[in-house]
1. Give, as a single signed number, the net charge of other residues whose beta carbon lies under 10 Å from the beta carbon of M239, with Lys and Arg counted +1 and Asp and Glu -1.
2. Given (1) 78, 59, 39; (2) 80, 55, 41; (3) 68, 53, 39 as candidate values of Cα extents along the principal axes in Å, which corresponds to the one derived from the coordinates?
3. For segment 167-246, with all protein chains present and a 1.4 Å probe, just round the carbon and sulfur fraction of the accessible area to a whole percent.
4. Starting from the residue with the highest accessible area, list D20, D34, D328 in decreasing order, probe 1.4 Å.
5. Whose amide H sits under 5 Å from the amide H of R125, counting only residues 5 or more places off or on another chain, with H placed in the peptide plane?
6. Let me check against my output: what whole-number percent is the relative contact order of segment 272-345, with C-alpha pairs under 8 Å and at least 6 apart?
7. When the chain is fully extended, how far beyond the present Cα-Cα distance does T291 get from T28, taking 0.36 nm per residue of separation?
8. Quick one: length gained pulling E222 to A107 fully straight, 0.36 nm per residue minus the C-alpha distance?
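The values are calculated or read from the model by the stated rules, or taken from the named source; none is laboratory data. Quantities reported herein were computed from a predicted structural model and do not represent experimental measurements. For neighbour counting, all protein chains shown are included, and Cβ atoms are generated from backbone atoms with ideal geometry for every residue, glycine included. In case anyone asks, the SASA skips ligands and DNA or RNA and just uses the protein heavy atoms, side chains included. Shrake-Rupley method; radii C 1.70, N 1.55, O 1.52, S 1.80 Å.
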Amino acid sequence: MDRDLFIETAVEREWLARFDENQQWIKTSAKQADKESRLNHELIDWLLEHGYNRLSLPAARGGFGCDIKSVILLQEVLASYDESTALAIGWHLGIVGEVFGGNLWSAEMMEQFTEHIVNGGIANRVVSEAETGSPTRGGKPATHAVRHEDGWLLNGVKTYVSMSHRLTHYIVGTFVEEKKAMCFFYVPAHTAGAEIVETWNVMGMRATASHDLILTDVFVLERYLVEVSRKGQENPWLMHIPSVYLGIAQGAHDDAVQFALAHSPNSIQGVIADLPHIEMKLGEMELKLMTARHFLYHAAQLTSENNLGPTFSATKYIVVNYAQEIVDIAMRIMGAKSLEQDGITERRYRSVRAGLHNPPMDDAVIRLLAQQAKNQLS
């Protein structure tokens, strides 16, 4: 597998071995969580026990100090077993990498954030709202914050709060009229007036439990206003998103290859893997996987060189769309067997569709690349 080309660090090897040793129970627990449309608490507990939430926290602060490449490598493998949990905790890993990598918050709040993470904390940015659609489209959030005594009162409704019940902190995006700006508040999940309402009832990524968050006169101190006048900007840590869909594609590929190597209908001699049209499909999957993986990991390298440009957006587009094609090919190889709910492939088919609705959206990527083409020759 060409993924092996990118394994470099002791931390990566340690986690890859741990995943491999525990893959069977992870797959079993993921299946049950998807069936019940709930978080995979067994897996989340195990990840926290081993400090997975500290992957992108700097080593000097008690974390593993993983860069983007290491995170996407491990997320890809985790997603091949449980895509919902990988996507849900990936938001946290990306935020930690972004905040500490960019030194975004005050020293006091970064120290407090560190303490929470080291003690098992999980955070997520909660930005989406039903009225605004995708937050990347630039809509003004209805959630608002007003001054109150020595802090702020927050009110509003947020959607798609992945990891919902297991989050220890919400990083709430609001529009603050006083500042005429989009701002973010660090809100402990146990704060009075903050309530998770179970609304998540979807086809794929069911075990992300991305319920709604209701904020009713939620009070936070002044220092919990952690980001002011935050505007949309390139955030390479969002490459954790395509890594999950690459993991789904790898899993579907493996399903299909194992099936093709074992399936021997009495109408042929040998197994279907040796049939020319099945070989073509296997080769197509392999080529698409290699293309997507090399593009993604090269983008991670460019990030370390501070030379990413529009490559991140193209990466998400390429990986997610190829992942859907790979899953489709895998199911064509497996036939009706791929639809059986006792297996994993039909879940991969449902979950891979969610990638179309994670940022950045396909049309925005194509417009960005078109603008780049025009700028180069204008």
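1. Around M239, the charge tally is +2.
2. It is the value labelled (2).
3. Roughly 52 percent, rounded to a whole number.
4. Numbers: D20 90, D34 15, D328 60 Å².
Sorted descending by solvent-accessible area, the residues read D20, D328, D34.
5. HN-HN under 5 Å from R125: I171.
6. On the way: 32 pairs, mean separation 25.4, N = 74.
Once divided by the residue count of segment 272-345, the mean separation gives 34 percent.
7. Details: separation 263, 0.36 × 263 = 94.68 nm, distance 3.01 nm.
Taking 0.36 nm per residue and subtracting the Cα distance, the gain is 91.7 nm.
8. Working: separation 115, 0.36 × 115 = 41.40 nm, distance 1.43 nm.
Fully extending the segment from E222 to A107 adds 40.0 nm.
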